[in-house]
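Right, one structure below, let's go through it.
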Amino acid sequence: MASSETAPLSVVTSSVVNRILCYYTNSTNQLQIAKTSGSSGLKLERVVFPKQRILFEALSDAWIEIYIYSELDGVTLLNTIPCQTLHAQSKGGCD
């Protein structure tokens, strides 16, 4: 088997290992747009309603960008957050 055939497997394996479950809450009274960014192929773009909570999967080195829309300014970047800080921690659970 040629080494070029095994390279994609190692890339896929390392991507799966670095995936984390993240949790974000829109604590504002405005609609937000959440987009993940990073070097991976895992992309997310979702509308997050006021007070809504979302769970999403991302690589540990990814970032989530939070945008808001206003008629006056259009779409504005509100915040950029490292996904590692949004990592959903298990507090017990099912075994």
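For a quick check of your reading of the model, give me the residue pairs whose first member lies in segment 74-90 and is touching a residue at least 12 places away in the same chain (Cβ under 8 Å), whose second is among the charged types (D, E, K, R), with beta-carbon atoms closer than 9 Å and at least 6 apart or on different chains.
That search, which allows pairs on different chains as well, returns L77/E65; L78/E65; N79/E65; T80/E65; I81/E65; P82/D61; C83/D61; Q84/D61.
Being in contact with a Gly (Cβ under 8 Å, 6 or more places away or on another chain) and either exposed (fewer than 13 other Cβ atoms within 10 Å of the Cβ) or of a type outside the set (F, W, Y) (or both): is that true of A62 here?
Answer is yes for this residue.
Read-outs throughout are calculated quantities, based only on the coordinates presented, and are distinct from any laboratory measurement. In this text the structure is predicted, and so the values were computed from the model without any measurement. Please note: Cβ atoms are built from the backbone with ideal geometry, for glycine as well, and neighbour counts cover all protein chains shown.
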